[in-house]
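Reading through the structure tokens given below for one structure.
The values are calculated or read from the model by the stated rules, or taken from the named source; none is laboratory data. This is a predicted model, so every value here is computed, not measured. Note that we place each Cβ from the backbone using ideal geometry, even for glycine, and neighbour counts take in every protein chain shown.
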Amino acid sequence: MSGRDVRVVYTKYDGSLHWNFSMRLLGEDEHGVWLGADSGLVSRKGDGPDVIIKQPHLMLIPQGVWWTAVFNGQPASTEIYCDIASPPRWPHPGEVTMVDLDLDVIRRRADQQVVLLDEDEFAEHQLQYGYPADVIAAAESSAAWLMAAVAARNEPFGRAPLGWFDQVR
């Protein structure tokens with residue numbers, strides 16, 4: 001199962017391309033599918049210019065939940081970055097897709113503070129894209145759950161990523 005490339009595609013609610021990149025499939029555990037990349041990964045926002053990621057990192061694609069998580073190695077100032085998104089879909093084994101729903105939960109490396117980002121964008125896009133009430137509720141519920149779980153270091157936000165990082169470095 002491990003070793004192949006997986007294209008990760010985030011879209012916005014209107015279907016427009018958002019962040020997209022490819023990572024190596026590392027494996028799967030009780031938390032979901034783990035992808036990894038060493039420093040130098042090329043990422044793009046829509047059709048924009050290449051963005052080079054300067055640290056090794058992991059991505060966790062859980063099943064049936066409204067979020068994904070990225071675990072950044074050094075020297076990133078953000079240790080964990082969770083995107084609130086629609087439950088991931090796998091159109092085929094080499095691609096995973098989800099709709100980005102604006103809200104993000106991060107844990108900063110230096111002070112370990114957990115922060116909710118982009119509430120203004122979420123409010124704006126509710127009107128612009130016409131998010132249905134169930135999507136809004138799922139996004140808000142997921143953000144609240146993540147704020148607590150990341151702060152408490154509940155798995156997979158504790159030791160779970162450590163072994164997977166060994167496969168990336």
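Quick notes
- Close pairs (7 angstrom Cβ cut-off, 6 or more residues apart or separate chains): closer than 19 Å to CYS82 by Cα in the stretch 1-26, hydrophobic (A, V, I, L, M, F, W, C) and surrounded by fewer than 16 Cβ atoms within 10 Å (Cβ to Cβ) anywhere: THR11/LEU17; PHE21/VAL42; LEU25/MET1
- Boolean, TRP66 is closer than 21 Å to ALA148 by Cβ, crowded, with 18+ Cβ neighbours inside 10 Å and either in contact (Cβ under 8 Å) with a residue 40 or more places away in the chain or among the polar types (S, T, N, Q) (or both): yes
- Of the residues contained in the stretch 44-62, none is found to be free of Cβ contacts under 8 Å to residues at least 24 places away in the same chain, exposed (fewer than 14 other Cβ atoms within 10 Å of the Cβ) and on the phi > 0 side of the Ramachandran plot.
- Subset of the stretch 39-89 [farther than 15 Å from MET23 by Cα and hydrophobic (A, V, I, L, M, F, W, C)]: VAL65, TRP66, TRP67, ALA76, ILE80, CYS82, ILE84, ALA85
- In summary, THR78 fulfils each of the numbered conditions (1) over 23 Å from ASP14 (Cα atoms); (2) under 11 Å from the mean Cα position of the chain (by Cα) with the single exception of condition (2).
- Of everything listed in (1) at pLDDT 90 or above; (2) more than 23 Å from ALA110 (Cα to Cα), the single unmet condition for LEU60 is (2).
Yes/no per residue for (1) at pLDDT below 95; (2) in a loop (DSSP other than H, G, I, E, B); (3) among the charged types (D, E, K, R):
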{"site": "TRP19", "(1), (2), (3)": "yes, no, no"}
{"site": "SER22", "(1), (2), (3)": "yes, no, no"}
{"site": "GLU28", "(1), (2), (3)": "no, no, yes"}
{"site": "LEU35", "(1), (2), (3)": "no, no, no"}
{"site": "SER39", "(1), (2), (3)": "yes, yes, no"}
{"site": "SER43", "(1), (2), (3)": "yes, no, no"}
{"site": "GLY48", "(1), (2), (3)": "yes, yes, no"}
{"site": "VAL51", "(1), (2), (3)": "yes, no, no"}
{"site": "LYS54", "(1), (2), (3)": "yes, yes, yes"}
